Amino acid sequence: MQFSQIQHCNLVVQNLERAAAFYRDVLGLTEIEIPSTFEPAGLKVRWFRLGSQQIHILLGAEKQSASQGHMALQVDDAQAARLWMKEKGFDIEETILIPGANRFFVRDPDGNLIEIIEWQEAYANIPIPSDN
């Protein structure tokens, strides 16, 4: 058995329509249909496609506390994305430099942390030897 990729990530939100507008209209993601079994089961979710992965937003019962947990979205021009997000009124959270990358953080309307990253050089991805 081998894990191959991240298929989706899930974010808890307080207002499904407001969050859907952010992911669809601000980030430009394509909303996709949810499984037909979800609505009859009472699940309040929206799904969005991002490349071959998905982002799921789930209506939560209470506001989540702010956290450093985040997802990262790769862009082809982080500086353009930074300026565009500022123009849209989002606070930009600058962060620690990663050599070969231009990156920053924003928060969605529910406070979920999103890293925006442009890899300007390929990351080495060097495996760490295991102690086994």
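With a 1.4 Å probe and every protein chain left in place, work out the accessible area per residue of the chain in Å², rounded to a whole number.
Heavy-atom accessible area per residue stands at 69 Å².
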Practice problem: Let me know the shape class of the chain, please: from the alpha-carbon gyration tensor, a ≥ b ≥ c as square roots of the eigenvalues, rounded when a/c is under 1.5, otherwise prolate if a/b is greater than b/c, or oblate. | Solution: oblate
Self-check item: Burial order of peptide ranges 69-75, 103-109 (average beta-carbon count within 10 Å, highest first)
Solution: 103-109, 69-75
Self-check item: A80 versus E115: modelled label distance in nm, points set 7 Å from Cα along the beta carbon direction
Solution: 2.3
Self-check item: Accessible area of the chain belonging to carbon and sulfur atoms, whole % at 1.4 Å probe
Solution: 52
Practice problem: Before anything else, pin down the relative contact order of the chain: Cα pairs under 8 Å, at least 6 apart, normalised by residue count, whole percent. | Solution: 23
Quiz item: Using 16 Å as the cut-off for backbone N distance, which residues of the range 7-29 belong to the label zone defined by a point 7 Å from the Cα of E87 along Cα→Cβ?
Solution: 25-28
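Please check the chain for the longest run free of GluC sites (Glu not before Pro) that are loop-located per DSSP (anything but H, G, I, E, B) and have at most 13 other Cβ atoms within 10 Å. Please report the intermediate quantities before stating the final value.
Numbers: sites that count: E33, E62, E94, E121.
Longest site-free region, per DSSP loop and neighbour criteria: 1-32.
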Quiz item: Given a Förster radius of 30 Å and the C-beta distance between Y123 and H8 as r, what FRET efficiency does 1/(1 + (r/R0)^6) yield to the nearest 0.05?
Solution: 0.85
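The values are calculated or read from the model by the stated rules, or taken from the named source; none is laboratory data. Values in this document were obtained by computation on a predicted structure and should not be read as measured data. Because the Cβ atoms are built from the backbone with ideal geometry, glycine has one as well, and the counts that use them run over all protein chains shown. Note: accessible area is taken over every heavy atom of the protein model, side chains too, but ligands, DNA and RNA are not part of it. Shrake-Rupley method; radii C 1.70, N 1.55, O 1.52, S 1.80 Å.
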